[in-house]
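For reference, the structure is listed below as C-alpha cells.
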Amino acid sequence: QQYVREPVAPTEVAGVRLPQSPAYTSEVINRGDVADIRVDVVGAKRLYLVVTDAGDGNSCDWADWAEPHLMGSEGEIKLTSFDWEKATTSYGQVLVDKNCRGLPLKIIDRPVPYGIGTHASSVIVYDIADRGFQRFVARGGLDNGRRDLGGTDYPGEKPSVVFQVYHDGPTPEARARANESVLLDATASLALREEAALAMASSKVGGMRLLGLASQGKLPEQLHDLIGKHIYLNPDLSVRALAGQYFSRSTVGDQPLPSLKELLKMSGDAARGKQLAFGRAECATCHLFAGEGKSVGPDLTGIGGKLDRTRLFDSVLNPSASISFGYETWLIETDDGKVLTGFVVGEGDPVLLKDAKGEQHAIPADTIEFRKRQTVSIMPEMVKANLSPQDLADLVEFLVSQRPASQ
C-alpha cells in the first residue's frame, strides 16, 4: 500500500531560489488537517519555510506555522524569538503570533500558543548557522481567518496548501548514510552509536534504512531494543507500519503483538468493539462517539470517514506518533509550586487548561513559572491496556463504523 505521496519539488517560490530538494513536504492540507513537521537541520546555515497553494489557486490560503521551534545544544528555542532574513507572502503580511491580517492565530477553531501567520505562496528564510541546532519542529495548518476576510471561515471557499521545509545542510539521505556508518562502526563508542540510531529512528529516510538493515540481519544486537522503543514514533506512517515486522511489541501475557500487516488481515466485530471502547479500553472516558462519552480528547464521531483501517490501527498503537493539533499535553507549573497537565484550550490571561478529567483550570498568566509541551500522548497505549490482538481488531472495526451520516 502507498502511504506517502511523492510531490514535485519547486526550485523557486515567490521569487526566492530554494536550495536542493525539500527536507520535508506535507500532504495537501485542507480545513481540519494539520501537518506534523520534524526536520533534521544538522549542518544547515539557512532554514526556508515554504507554503504553496497546492495547485488550485491561493484564494483564502491563510497558513500558520504553529509552535515552530529549534532543538539542539541550547535546548528548545522558539523560532519566533529570531528575526527572519527574508519573508514573502502573496497576500497580507508575514506576522509573528498573528495571522496574515493581524488577527490571533487559530487552527481548527483552536488557539495557537505561538507561531507565524502567512498566506500561500510564501517563503520565510532564517539564518541558523553555528548554533548547534539539530531539529526543526512545527505544526502547519490553515488559519480560521474571518468570515468577511478569508481563511477557512470564509463562506464558500475551500482553501488548501502544502507546507515545505528546505535547508542548505546535508540532505536527509546524506545524514542517514552518515548516521548509518556510525551505527555500524564497531570501533565507535556505544554512546555515539546510540545517538546515530536515535537520529535515524526519528526521520523517514533514516527509519527506512533501519528497516533495511533489520531485514538483512545487519542491525547491531545491542541497539535493537533501543531502536524498537523509538521507531514507533517515526513521523512517517509507512515506517511505523513496517516496523512491526522487525521490532516486537508486548501485549497480554507478554506475547508479541502481530505486525500491522497481520492485524489488517484480522476480521473485527464492531459491536464488541463498542463494548471495549465504552468499557475496558476506556476510549469513551476521553472521546465522544455520536454524543456518547466525554469531550476531553478529539471527538471521534465520523472518524471512520476520515481514516482508513491502516491509519486507525496506527493511531491506536502509536498514540504519541501523531497527536491531534490542540490536544498536545502541556505541563504547567505555577509560582506556588502547583503542577498541572492537560490541553491548552485558551491563550491569553488567564491561560485555560483542560485536564484529563475534562475539568477546566483558569491560570493567571503572571503566575506561570514554567510551561512545556510534552511529547507523549495523554491517551494510554492500548497495547498496555490488556487488549489482545482480537480486541484491537474489534476496536478498530468499531472506529471504522463511525462514519458521517451521509456516508
Note to self: Just to be sure I understand the model, the point goes 7 Å from the Cα along the line to the Cβ. What's the resulting Phe278 to Thr171 distance in nm?
What the structure shows: 5.4
Next item on the list: Over the range 280-351, calculate the relative contact order: mean separation of alpha carbon pairs under 8 Å at least 6 apart, over the residue count, as a percent.
Entry: 16
Item checked: With all protein chains modelled, accessible area of Leu47 [1.4 Å, Å²] -> 0
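Hey, how much of the P(r) for the range 1-160 falls beyond 27 Å, as a percent of Cα pairs? Mind dumping the intermediate values first?
Working: 2493 of 12720 pairs.
Tail of the P(r) past 27 Å holds 20 percent of the pairs.
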Item checked: Against the rule of thumb 2.2 N^0.38 Å, how large the Cα Rg of the range 92-238 comes out -> 1.38
Next item on the list: Take every Cα pair under 8 Å in the chain that's 6+ residues apart, average their separations, divide by the length, and report that relative contact order as a whole percent.
Entry: 15
Notebook entry, point to check: Rolling a 1.4 angstrom probe over the protein heavy atoms, how many square angstrom per residue are accessible across the chain?
Noted result: 47
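On full extension of the chain, what length is gained from Glu194 through Glu359, given 0.36 nm per residue of separation minus the C-alpha to C-alpha distance?
Working: separation 165, 0.36 × 165 = 59.40 nm, distance 4.07 nm.
Once the chain is fully extended between Glu194 and Glu359, it gains 55.3 nm.
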Note to self: I'd like the carbon and sulfur percentage of the solvent accessible area for the range 192-337, probe radius 1.4 Å, heavy atoms only, ligands and nucleic acids excluded.
What the structure shows: 49
Margin query: Computing the accessible area with a 1.4 Å probe over protein heavy atoms, can you report the carbon and sulfur percentage for the range 47-134?
Written below: 42
Notebook entry, point to check: Looking at the range 263-355, which trypsin sites (Lys or Arg not before Pro) are in a loop (DSSP not H, G, I, E or B) and have at most 16 other Cβ atoms within 10 Å?
Noted result: Arg280, Lys294, Lys306, Lys338
Next item on the list: Would you kindly state the longest site-free stretch of the chain, with sites defined as GluC sites (Glu not before Pro) in a DSSP loop (not H, G, I, E, B) surrounded by at most 11 other Cβ atoms within 10 Å?
Entry: 75-358
Notebook entry, point to check: Rounded to the nearest 0.05, what FRET efficiency is calculated for Leu226 and Thr80 with R0 set to 45 Å and r the Cβ-Cβ distance?
Noted result: 0.85
Check: Per residue of the chain, what 222 nm ellipticity follows from adding -39500 (n - 2.57) for every DSSP H run with n ≥ 4, rounded to the nearest 500?
Finding: -6500 deg cm²/dmol
Check: Which entry in [x] 24, 48, 24, 5, 0; [y] 25, 58, 17, 0; [z] 28, 61, 11 matches P(r) over Cα pairs in 20 Å bins from 0, in percent derived from the coordinates of this structure?
Finding: [y]
Check: So which of Lys274/Lys294; Lys158/Lys294; Lys98/Lys158; Lys229/Lys294; Lys86/Lys158 end up more than 24 Å apart by C-alpha?
Finding: Lys158/Lys294; Lys229/Lys294; Lys86/Lys158
Next item on the list: First select every other residue whose beta carbon is under 11 angstrom from the beta carbon of Gly206; then total the charges, Lys and Arg +1, Asp and Glu -1.
Entry: 0
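The values are calculated or read from the model by the stated rules, or taken from the named source; none is laboratory data. Here the structure is a predicted model, which is why all the values come from computation and not from measurement. For neighbour counting, all protein chains shown are included, and Cβ atoms are generated from backbone atoms with ideal geometry for every residue, glycine included. Just the protein is used for accessible areas: all its heavy atoms, side chains included, with ligands, DNA and RNA removed. Shrake-Rupley method; radii C 1.70, N 1.55, O 1.52, S 1.80 Å.
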